[in-house]
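Remarks on the structure that follows.
The values are calculated or read from the model by the stated rules, or taken from the named source; none is laboratory data. Source: prediction; values computed, not measured. When we count neighbours, we look across all protein chains shown, and the Cβ atoms used for this are built from the backbone with ideal geometry, even at glycine. Accessible surface is based on the protein model in full, side chains and every heavy atom, while ligands, DNA and RNA are left aside. Shrake-Rupley method; radii C 1.70, N 1.55, O 1.52, S 1.80 Å.
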Amino acid sequence: MSKTLNINYEGKSYTLEFTRRTVAEMERKGFVSSEITTKPMTTLPALFAGAFLAHHRGVTQDTTDKIYAKLTNKEDLIGKLAEMYNEPIMTLMEEPEESEGNLTWTASW
């Protein structure tokens, strides 16, 4: 089960989540998670806004900025967002369960 964050803002409920598709989309748009410490002014808002893509694609940057401004405990929030962002990436490296139909590979060198 994917990790999600839930936020209620102005009477609307938002479910924040990252999927393989949304992480790939963010990367194509130039998001680099390792830049969180070196470029926090651009990276942190992009990380937060990216969490809306899976379920709330039409939310504007202005709205995500307003929501972020009102959130408390931001240090923990950023940690949870980073954990959520990494989850789909980790699924790329998971080995399939042993079953018929799995593929094997060989190298020529």
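Tabulated data
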read-out: Some residue of region 18-29 being of a type in the set (Asp, Glu), part of a helix (DSSP H, G or I) and within 15 Å of the chain's Cα centre (by Cα); value: yes
read-out: Filter pass, Thr72 being of a type in the set (Val, Ile, Thr), open to solvent by 60 Å² or more (accessible area, probe 1.4 Å) and assigned to a helix (DSSP H, G or I); value: no
read-out: Any pair with Cβ under 7 angstrom, 6 or more apart, that starts in region 84-109 at a residue that is more than 22 Å from Leu5 (Cα to Cα) and ends at one that is open to solvent by 70 Å² or more (accessible area, probe 1.4 Å) and assigned to a loop (DSSP other than H, G, I, E, B); value: Asn102/Pro96
read-out: Residue under evaluation Thr42, criteria (1) surrounded by 15 or more Cβ atoms within 10 Å (Cβ to Cβ); (2) assigned to a helix (DSSP H, G or I), criterion not met; value: (1)
read-out: Yes/no for Thr37 being more than 19 Å from Asp65 (Cβ to Cβ), exposed (fewer than 12 other Cβ atoms within 10 Å of the Cβ) and not charged (D, E, K, R); value: yes
read-out: Within region 19-43, tally of residues that are hydrophobic (A, V, I, L, M, F, W, C), closer than 18 Å to Glu87 by Cβ and out of contact with any helix residue (DSSP H, G or I) (no Cβ under 7 Å at 6 or more places or on another chain); value: 2
read-out: Residue match in region 46-69 (condition: farther than 17 Å from Lys3 by Cβ, assigned to a helix (DSSP H, G or I), touching a strand residue (DSSP E or B) at 6+ places or on another chain (Cβ under 7 Å) and touching a residue at least 12 places away in the same chain (Cβ under 8 Å)); value: yes
read-out: The one condition in (1) farther than 19 Å from Lys3 by Cα; (2) free of Cβ contacts under 8 Å to residues at least 24 places away in the same chain; (3) of a type in the set (D, E, K, R) that Lys74 fails to fulfil; value: (1)
read-out: Scan of region 51-109 for residues that are among the aromatic types (Phe, Trp, Tyr) and either within 21 Å of Val23 (Cβ to Cβ) or modelled with pLDDT under 90 (or both), ordered by number; value: Phe52, Tyr68, Tyr85, Trp105
read-out: Residue match in region 13-26 (condition: open to solvent by 30 Å² or more (accessible area, probe 1.4 Å), acidic (Asp, Glu) and out of contact with any Gly (no Cβ under 6 Å at 6 or more places or on another chain)); value: no
